[in-house]
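The values are calculated or read from the model by the stated rules, or taken from the named source; none is laboratory data. What you see is a predicted model; the values in this text were computed from it and never measured. Quick reminder, even Gly has a Cβ in these numbers, built from the backbone with ideal geometry, and neighbours come from all protein chains shown.
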């Protein structure tokens with residue numbers, strides 16, 4: 001990757017995102033490749049962020065408090081930029097409360113009674129336009145900064161969770177599934193990237209409500225309480241819905257973790273599942289869990305729909321409560337009506353969207369932080385007593401009950417004896433029961449983080465009988481492996497290590513078992529989307545279980561699990577409501593433009609070029625944005641693949657003391673993902689920044705107070721809603737990438753054709769001779785001639801021209817490339 005231009009960019013270039021212009025042009029003209037993505041900024045490097053947070057967390061642990069606080073550790077790391085961006089956000093939001101005042105003065109200046117003040121009206125209109133400009137000049141960098149800060153928090157948490165995973169004791173690991181860890185790091189921690197933008201509204205919104213209520217009081221006196229009461233009722237309604245969602249969410253999390261744990265175990269043991277023909281059984285087990293999960297998803301989706309719809313149906317509710325009583329008691333005054341209406345619009349957004357969203361964000365974030373605190377406080381693996389005065393392994397007065405597995409795990413320190421001591425000198429090398437290799441080249445696996453020594457490397461290759469495999473490769477040392485392993489490569493790792501003695505885990509087990517319209521108009525839409533999500537999951541699971549191993553061997557487990565975790569969570573929880581919001585917001589914006597155009601038809605002609613420019617600019621952005629989003633998804637999968645591989649080989653990693661090496665590999669995968677995600681955030685903000693500039697020009701004046709009120713009021717609504725609409729459209733487009741990736745898995749080739757039940761009867765043959773003739777053979781025989789096997793289509797043959805015979809009553813037992821015969 002080339003160095004990011006943002007490192008040397010000027011302040012203005014960073015502020016207006018000019019430094020992204022080269023990648024935008026390149027993405028529009030041609031297909032982007034991973035090499036086109038800039039490096040992540042140095043301050044976003046995973047090792048730097050992890051070191052900062054780990055230092056503060058260790059400080060919390062050493063403070064002597066009863067319970068260390070991860071929130072305090074995060075605050076000490078990131079509180080300064082968080083407060084700075086919050087201040088900018090507050091100033092930008094404060095301009096919304098000044099705009100209605102200027103609107104009222106403008107309307108009053110166009111009243112025939114105040115004809116001498118007409119000139120002041122134009123200056124006030126210019127000031128109102130400046131407020132729009134100031135608002136987006138403050139909000140855009142503030143929101144980008146908060147999203148960037150959320151990304152940094154996620155990276156730091158990813159790193160310390162991974163490091164803690166490498167330290168967990170075997171007792172703790174037995175209670176944690178791979179699926180749970182993947183879910184924690186994908187679906188949960190991923191929320192920091194987007195949700196941090198709502199964090200400051202928990203204090204900005206109440207201040208805004210108090211200020212707006214006081215200003216409305218000056219306009220309509222006691223009738224202001226009618227508007228406040230109406231909006232407060234909406235807030236209470238949303239709080240009730242949020243309370244009802246709590247238990248459903250907790251139940252859904254349990255079911256999701258259960259489904260992902262089972263899915264992860266199946267994906268890690270697909271060879272065994274297919275060997276025993278358990279595809280249908282496993283599919284049924286997951287399908288039953290998914291059925292219960294979808295029921296809860298429907299309930300949560302319904303409550304979320306009503307929660308979200310409060311914003312859209314509240315407009316007429318608030319207007320009637322505020323304006324009608326005042327009009328009946330005091331008469332109609334255009335200045336007061338339109339000013340009050342503008343304040344009500346501000347209150348509507350604040351009470352029904354920003355405040356509930358920020359409260360929900362803090363609630364979810366605190367629950368997640370407590371969950372991570374609990375994880376970071378779990379029991380760790382303890383190093384064995386190290387004594388250089390002895391020359392062998394010594395077990396002294398040890399009391400334990402074990403088989404060969406427990407004995408070896410106790411020697412490694414993975415299990416703690418009930419009493420007695422275990423001491424050793426030097427270093428231990430270990431070969432796992434399950435032949436395990438990490439994704440990478442043959443050389444990477446053999447060296448396992450050590451410096452390359454040509455003589456020792458070639459000696460290891462020869463000792464482990466890997467010369468033939470070396471000669472089969474075009475670039476043997478650099479050939480990549482992922483999910484395939486063999487005893488030769490496994491033993492090569494331990495032979496390479498210059499250890500004092502070796503433990504070879506020679507296993508005898510042959511197999512292992514697996515674990516098993518109007519207010520309601522959008523409701524059918526949401527339920528239909530959830531039903532589609534259910535069908536997509538069902539078809540994708542069936543496609544993966546039915547796919548041939550030649551296809552699955554080319555995929556890392558993390559990539560497969562990413563479809564079942566991140567992508568399905570997106571389709572389940574976020575896509576239905578976001579798509580509905582996008583439709584609603586589009587209708588609102590288009591409706592406002594049409595009303596303004598009806599009042600003054602020439603405005604429609606003035607707005608048409610702006611709309612065309614926006615459509616062209618959106619297309620220009622999406623050509624690059626979609627490619628960056630795809631690259632970001634591809635860069636995310638190795639993170640979870642590395643986590644899964646590390647968990648599977650954890651005993652081996654700890655036996656060779658290679659935790660630091662694997663942490664470094666994990667940081668590299670994080671940095672690769674950070675580079676694409678940061679670039680996507682920057683290009684997205686480039687587009688939103690310029691969208692605001694375009695629609696700031698959608699501002700004009702007429703010569704009648706009633707019409708000027710309608711035009712400016714609706715123009716303010718457009719400017720307030722349009723960015724939300726644009727951001728939602730981009731989010732929906734990005735989430736549809738998840739649907740596209742799921743469909744790619746659904747289209748995987750099937751290893752067997754569909755069963756034709758009409759022809760099943762032809763396979764049943766009644767052999768009468770077998771009953772009458774006593775000389776009928778009582779045993780069979782398997783004869784294999786010139787067998788050639790490839791893991792992948794077009795790949796190298798792992799078996800060539802193999803011939804053998806299996807006689808009757810012989811059994812062939814196979815487990816991870818260890819072949820044994822029993823008579």
- Being part of a helix (DSSP H, G or I), crowded, with 17+ Cβ neighbours inside 10 Å and modelled with pLDDT of 80 or more narrows 586, 672 down to just 672
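Please go through region 514-531 and give me each residue that is at pLDDT below 55 and either under 30 Å from residue 271 (Cα atoms) or surrounded by 11 or more Cβ atoms within 10 Å (Cβ to Cβ) (or both), ordered by number.
514, 515, 516, 519
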- Query: Based on what the data block shows, is residue 64 at positive phi, in the same structural domain as residue 336 (by TED's automatic domain parsing) and at pLDDT 75 or above?
  - Reply: yes
- From the option list 45, 40, 50, 62, single residue qualifying as farther than 17 Å from residue 686 by Cβ and out of contact with any helix residue (DSSP H, G or I) (no Cβ under 9 Å at 6 or more places or on another chain) is 62
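Okay, residues lined up against (1) modelled with pLDDT under 65; (2) closer than 30 Å to residue 538 by Cα; (3) in the same structural domain as residue 101 (by TED's automatic domain parsing):
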{"residue": "726", "(1), (2), (3)": "no, no, yes"}
{"residue": "741", "(1), (2), (3)": "no, yes, yes"}
{"residue": "758", "(1), (2), (3)": "yes, yes, no"}
{"residue": "795", "(1), (2), (3)": "no, no, no"}
- Message: Looking at the structure I just gave you, is residue 556 modelled with pLDDT of 80 or more and outside the structural domain of residue 812 (by TED's automatic domain parsing)?
- Response: no
- Which condition does residue 192 not pass, out of (1) touching a helix residue (DSSP H, G or I) at 6+ places or on another chain (Cβ under 7 Å); (2) at pLDDT 80 or above, if it passes all the others? (2)
- Does residue 696 qualify as being in the same structural domain as residue 133 (by TED's automatic domain parsing) and at pLDDT 80 or above? no
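Results for (1) in the same structural domain as residue 174 (by TED's automatic domain parsing); (2) at pLDDT 85 or above; (3) surrounded by 22 or more Cβ atoms within 10 Å (Cβ to Cβ); (4) assigned to a helix (DSSP H, G or I), shown as yes or no for each residue.
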| position | (1), (2), (3), (4) |
| --- | --- |
| 281 | yes, yes, no, yes |
| 288 | yes, yes, no, yes |
| 329 | yes, no, no, yes |
| 340 | yes, no, yes, yes |
- Task: Go through the residues of region 28-45 one by one and say whether even a single one is over 23 Å from the mean Cα position of the chain (by Cα) and on the phi > 0 side of the Ramachandran plot.
- Result: no
